[in-house]
1. Lys/Arg Cβ at +1, Asp/Glu Cβ at -1, dipole of segment A:82-152 taken about the Cα centre: which of A:Ala96, A:Leu148, A:Val113 is farthest positive-ward?
2. Using Cα pairs closer than 8 Å and at least 6 residues apart in sequence, work out the relative contact order for segment A:131-282, in percent.
3. Distance in nm between label sites at B:Leu82 and B:Cys139, each 7 Å beyond Cα in the beta-carbon direction?
4. I want to check the label-to-label distance for A:Ile229 and B:Lys5. Put each point 7 Å from Cα in the C-beta direction and report it in nm to one decimal.
5. Using a/c under 1.5 as the rounded threshold, could you call chain A rounded, prolate or oblate? The axes a ≥ b ≥ c are square roots of the C-alpha gyration tensor eigenvalues, and prolate needs a/b larger than b/c, oblate otherwise.
6. What percentage of all Cα-Cα pairs in segment A:1-105 are separated by more than 21 Å?
7. Check the straight Cα-Cα distances from B:Lys120 and name the aspartates and glutamates below 13 Å, setting aside those fewer than 8 residues away within the same chain.
8. Using Cα-Cα distances under 8 Å and only pairs 6 or more residues apart, what relative contact order does segment A:53-145 have, in percent?
Amino acid sequence: MKPAAFDYYAPNTVDEALELLAQLGEDAKPLAGGQSLVPMMNFRLARPASLIDLNRIAELDHLAAAEDGSLRIRAMTRQRSLERSAAVARQWPLIAEAVAHIGHVQIRNRGTVGGSLSHADPAAELPAVMVALDAELVIHSRTGQRMLSAADFFLGHYQTAVEPSELLVEVRVPLPPARTGWSFQEVSRRHGDFALAGAAGLVTLDQHGAISRARLAFVGLGPTPIRSIAAEDSLVGQQPSDSIWGDAAALASRDLDPDADVHATAAYRRHLGEVLARRVLIEAAKRASAAP
Amino acid sequence: MATHKIHLTVNGREYEREVEPRLLLSDFIRDELGLTGTHVGCEHGVCGACTILWDSEPVRSCLVFAVQTEGAHLRTVEDLALSESELHPIQEAFRQAHGLQCGFCTPGILLTVEALLREKSHPTELEIREWISGNLCRCTGYHNIVEAVQLAARMLAGRSV
């Protein structure tokens, strides 16, 4: 239970980190909060030749609402900072609700937003939340920068579109429309465990009370965070009523691609996905109708 | 592998040491500094036995490399007691309320609770259970731990009046 030997670098700026990534190549891993990478190294499931520690890069630890109304989360923002942010609680409550499910306080004190997204564990909360919120991810390399939607960022189990020479530096989360309700729910055997399944939902109502927009994304029900556009589209234009949520959830369950493991069968996970979809949509719609 | 020189403050005392990058902070604290009150359980961030305070925030010392703590201010359980003969009120509450049996998980729990009571002086039972959910205890069933935290909150409130 001790990590294999590695070379350690602690750059002070993003540019220095990108230079190191370019020089050291694929055998180097950026170290963010370490709450997933270090356990994998302790088990020797990961044996990077070099670690590039991002914890000394002050420009990466910042969280603020921008002038365009979007939330700018720099990659090394601790999950606990999101949890404590008044702006996040007020304007992006889906994030606040989901973050409380990540590990435990001790984990969230170190764990970062960029680290969680880059690790791309299908059972992690933040990837699905960022997909539901239409977040854009800013990726830098020594030669330039590019933006990717959260939906295009996740490629598979622990796989993202970030190349070895690139670094995720910022997440931009647009402000949801007025009269948007939210809900994040998950099922895990014990509090703080990885979820067997989870769902993030957003429902927006127009001035007549009809659904004008919906978002539904799942945790732990496929190799990436799965968004069910079929379920979302089925809701748009409808008046909220008891019957529509179950139909949308049933549609969503067809988009799910769960794995079986020692904790749950694929069929049970799919069942949980459908139940959670219905619950988050109902709660989000209720919150939307209570909004001013 | 090159070693790195680090300077850090642990329990108010400054240390300078030469470390290999792969040395976990938990092992550094125990083996290099001799502060064996920090316990090592699972070594993958699940059990919470190795919880310490870093800039007053509870973190898992098995998920940090010692080399990362250059300039850090850490506290371990050895720093809690007020003197050789006087326990910290949280420790006293755990003693009185039988908040421990074997004691293996206790250092991590005490430090988590120290941070909790600094942030919320009168936590609800649910808040207490939420905070200590990151610390596994295999002896007590948590009931007496929750009572000990409630007692500690009352003792600390009484002390500050």
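1. A:Val113
2. Working: 301 pairs, mean separation 29.7, N = 152.
Taking the mean separation of contacting Cα pairs over the length of segment A:131-282, I get 20 percent.
3. About 2.5 nm separates the two model spin labels.
4. For A:Ile229 paired with B:Lys5, the spin-label model returns 5.9 nm.
5. Details: a/c = 2.14, a/b = 1.55, b/c = 1.38.
Cα axes put chain A in the prolate bin.
6. Details: 2577 of 5460 pairs.
Looking at segment A:1-105, the distances longer than 21 Å represent 47 percent of pairs.
7. Straight-line reach from B:Lys120, under 13 Å: B:Glu130.
8. Working: 96 pairs, mean separation 21.2, N = 93.
With pairs under 8 Å counted, the relative contact order is 23 percent.
The numbers here are math on the coordinates, done by the rules we state, and not lab data. All values reported here derive from a predicted model rather than from experimental measurement. As a convention, Cβ positions derive from the backbone with ideal geometry for all residues, glycine included, and neighbour counts pool all protein chains shown.
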